[in-house]
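Colleague: Let me give you the structure first, and then I'll get to my questions.
Readers should treat all values here as calculations from the given coordinates under stated rules, not as data from a laboratory. If you're wondering where the values come from, they're calculated on a predicted model, not measured in any experiment. Note that we place each Cβ from the backbone using ideal geometry, even for glycine, and neighbour counts take in every protein chain shown.
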Amino acid sequence: MREDLTRRGFLGAAGAAVVAGVASEAALAAEGKEAPKGGPIKIIGLSCSPRKGKTTAAALQVCLDAAKAAGPNVETELVELAGLNIPVFDPAAPGSADFEKVAAKLTDPKVAGILVGTPVYFSGMSSLCKAFLDQCMACRKNNFALANKVAGVLAVGGVRNGGQELAIESVQAALLCQEMILVGDGRPTAHTGATLLNTGDDIGGDEFGLSTAKNLGRRVAEVALKMQGAAG
Ligand SMILES: Cc1cc2nc3c(=O)[nH]c(=O)nc-3n(C[C@H](O)[C@H](O)[C@H](O)COP(=O)(O)O)c2cc1C
């Protein structure tokens, strides 16, 4: 992992030149949006489903679309762990080439927010999600390279009340160990995170769950933009 991916590097990038003018700031304020003070920020959606392009990825895309709409200069990217080699963490042989690639993306100083999505597996996160979060020991050891990035968590289950909130909370507990700044889904739903229901490999009919996904994506972006302003 690159040596320069440190908290100092992140804050330094966040404190870069002011790009938003006073007039556009006022216009954005009228819309209830935050003007970026330090250039574009990036929000990544990390899908921890072993199934590429399925409901966890679809729910994250809803979050990312809402994050993008939260203000100008918000870039987004969906990263899927499906098909990658993310081994169970072995302290004697940590990491993998695929993990290093994803970790480099996440720890990039331009990344101000990360949305972690997991399917609910027996009322918890997927084993792929747990393996990835355990491998993130490398980020912690690299001067807490994920520190001060804003994090939101999403879970998709096959049944309503299938353990979405338990899965979300266990992911959040691991992200706290990285000094990340956790947020839930924003108002008006405003709870732990985004909780979605998969019906026949489709989340389109889950009106409430989709609203939590939109509110989570918007909330991550708005707090990331606020943090950027504070650092700048
Ligand atoms: C091993 C396994 C365990 C599961 N356990 C639960 C569960 O406890 N609660 C729940 O609501 N859904 C459970 N499901 C259903 C998945 O969470 C659901 O299908 C989810 O949408 C899959 O995400 P994906 O479409 O991204 O693969 C389970 C699925 C599998 C394969």
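Colleague: Pull out the extension gain between Asn161 and Glu100, defined as 0.36 nm times the separation in residues minus the alpha carbon to alpha carbon distance; nm, one decimal.
Modeller: That works out to 18.5 nm of additional length.
Colleague: Still on this structure, I have one more. Which pairs in the list Lys54/Lys141; Lys149/Lys214; Lys101/Lys141; Lys68/Lys141 are over 28 Å apart, alpha-carbon to alpha-carbon?
Modeller: Lys54/Lys141; Lys68/Lys141
Colleague: Ratio of Rg to Rh for segment 54-122, alpha carbon only, Kirkwood?
Modeller: 1.02
Colleague: Quick check: pseudo-label points 7 Å beyond the Cα along Cα→Cβ at Cys177 and Ser123, how many nm apart are they?
Modeller: Reported label-point gap for Cys177 and Ser123 is 2.2 nm.
Colleague: All other residues with a Cβ under 13 Å from the Cβ of Glu75 taken together, and with Lys, Arg as +1 and Asp, Glu as -1, what is their net charge?
Modeller: Values: positive: Lys42, Lys68, Lys105, Lys110; negative: Asp65, Glu77, Asp108.
Summing Lys/Arg as +1 and Asp/Glu as -1 gives +1.
Colleague: Using a ≥ b ≥ c from the Cα gyration tensor of segment 27-178 (square roots of the eigenvalues), is it rounded, prolate or oblate, where a/c under 1.5 gives rounded and otherwise the larger of a/b and b/c decides, a/b for prolate?
Modeller: Note, shape of segment 27-178 comes out oblate.
Colleague: Treat segment 157-205 as a sphere of radius equal to its Kirkwood radius over Cα pairs and apply Stokes-Einstein at 37 °C in a medium of 0.692 mPa s; give the translational diffusion coefficient in µm²/s, rounded to a whole number.
Modeller: Calculated translational D: 273 µm²/s.
Colleague: Output the peptides 170-176, 207-213 sorted from most to least packed, where packing is the average of other Cβ atoms within 10 Å over each peptide's residues.
Modeller: Per-residue Cβ counts within 10 Å, averaged per peptide and sorted highest first, yield 207-213, 170-176.
Colleague: Separate question: What is the spin-label model distance, in nm, from Lys110 to Ala82 if the labels are put 7 Å beyond Cα along the C-beta direction?
Modeller: The modelled label-to-label distance comes out at 2.6 nm.
Colleague: Taking R0 as 35 Å, what's the FRET efficiency between Ala93 and Glu207 from their Cβ-Cβ distance, rounded to 0.05?
Modeller: Plugging the Cβ-Cβ distance into 1/(1 + (r/R0)^6) gives 0.15.
Colleague: Still on this structure, please answer the following. Using the per-residue mean of other Cβ atoms lying within 10 Å as a proxy for protection, in what order, highest first, do the peptides 215-226, 42-53, 195-206 fall?
Modeller: My ranking of the peptides, most packed first, is 215-226, 42-53, 195-206.
Colleague: How would you classify segment 91-188 from its alpha-carbon gyration tensor, with a ≥ b ≥ c the square roots of the eigenvalues: rounded for a/c under 1.5, else prolate if a/b is greater than b/c, otherwise oblate?
Modeller: Values: a/c = 2.21, a/b = 1.37, b/c = 1.61.
Oblate is the answer for segment 91-188, as a/c is 1.5 or above yet b/c matches or exceeds a/b.
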